Amino acid sequence: MHPQPVANDVLLRQLQWRYATKKFDPTQKIPVATWQTLEEALVLTPSSYGMQPWKFIVITDSATKEKLVPFSWGQRQIADGSHLVVFAIQNNVGQAEMDRYLDRIVEVRGVAKEALAPLRKMLESDIIQGPRSKFVNEWAARQVYIALGNFMTAAALVGVDTCPMEGIDPAKYDELLGLAKRGLATAVACVAGYRSADDKYAKLAKVRFKVDDMIERI
């Protein structure tokens with residue numbers, strides 16, 4: 001399949017257009033087809049070794065979103081956006097998660113599991129039993145932020161507003177959503193939907209350092 005690249009000016013235009021939306025229009029919902037595209041974009045996010053140590057909890061139920069507002073510093077974006085995505089890590093990634101991933105490779109690529117012995121050894125010597133195993137949840141959190149960035153860029157390209165949110169109480173999210181008993185832990189959240197016409201932040205100039213101040217070429 002030959003790629004059909006997005007034009008350079010289109011990509012930059014959409015990234016200029018996006019901002020951390022402070023006020024969503026609660027009457028506007030993301031169309032089903034558009035949301036399905038964004039879910040696929042989430043699933044296609046790259047991760048270290050391809051391990052995907054995460055779960056994306058998509059919340060559209062109004063009552064659930066309202067219950068999460070007090071655990072989100074009272075920020076109304078949580079309730080007013082069309083969709084709320086909770087980016088959760090898989091706690092304490094270990095042997096079971098590794099085997100599940102290797103089984104999926106066998107299923108998708110049709111290779112013999114024995115052929116994956118080098119990958120198994122690499123995973124065991126790094127994530128499962130190696131030095132990284134001592135801070136594996138921090139490693140997983142770093143991975144899930146790749147998914148957050150990918151999601152926001154994909155949303156911008158299809159004209160959907162987002163607001164990433166670290167101003168939340170992860171433990172309360174875990175409790176309300178029943179994540180801990182599933183071996184999951186909230187890392188960050190992101191609201192998706194459409195900006196309100198009177199969100200004053202929408203028209204503010206984007207403040208970024210100059211390219212030459214931020215990029216060093218060698």
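Results for (1) charged (D, E, K, R); (2) more than 24 Å from GLY167 (Cα to Cα), shown as yes or no for each residue.
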site: TYR49; (1), (2): no, yes
site: ASP61; (1), (2): yes, no
site: GLN77; (1), (2): no, no
site: VAL86; (1), (2): no, no
site: GLN90; (1), (2): no, no
site: VAL106; (1), (2): no, yes
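One residue stands out in the range 69-84 among those that are within 18 Å of the chain's Cα centre (by Cα) and of a type outside the set (S, T, N, Q): the one that is surrounded by the fewest Cβ atoms within 10 Å (Cβ to Cβ), namely HIS83.
Summed over the range 68-91, the residues that are of a type in the set (A, V, I, L, M, F, W, C), under 19 Å from LYS29 (Cα atoms) and not in a helix (DSSP H, G or I) give a count of 3. Screening LYS65, LYS55 for residues that are modelled with pLDDT of 95 or more and not in a helix (DSSP H, G or I) leaves exactly one candidate, LYS55. Give the number of residues within the range 79-94 that are more than 15 Å from GLU175 (Cα to Cα) and either touching a Cys at 6+ places or on another chain (Cβ under 8 Å) or hydroxyl-bearing (Ser, Thr, Tyr) (or both). Result for the range 79-94: 4.
Residues in the range 101-113 that are loosely packed, with under 12 Cβ neighbours inside 10 Å and of a type outside the set (A, V, I, L, M, F, W, C): GLU107, ARG109, GLY110.
Residue-by-condition table, conditions (1) loosely packed, with under 15 Cβ neighbours inside 10 Å; (2) at pLDDT below 95; (3) touching a Pro at 6+ places or on another chain (Cβ under 7 Å); (4) assigned to a helix (DSSP H, G or I):
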{"site": "ALA115", "(1), (2), (3), (4)": "yes, no, no, yes"}
{"site": "LEU123", "(1), (2), (3), (4)": "no, no, no, yes"}
{"site": "ALA140", "(1), (2), (3), (4)": "no, no, yes, yes"}
{"site": "PRO164", "(1), (2), (3), (4)": "no, no, no, no"}
{"site": "THR186", "(1), (2), (3), (4)": "no, no, yes, no"}
{"site": "PHE209", "(1), (2), (3), (4)": "yes, no, no, no"}
{"site": "GLU216", "(1), (2), (3), (4)": "yes, no, no, no"}
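The values are calculated or read from the model by the stated rules, or taken from the named source; none is laboratory data. Please read all numbers here as calculations on a predicted model, not as lab measurements. Using ideal geometry, Cβ is built from the backbone for each residue, glycine included, and neighbour counts are taken over all protein chains shown.
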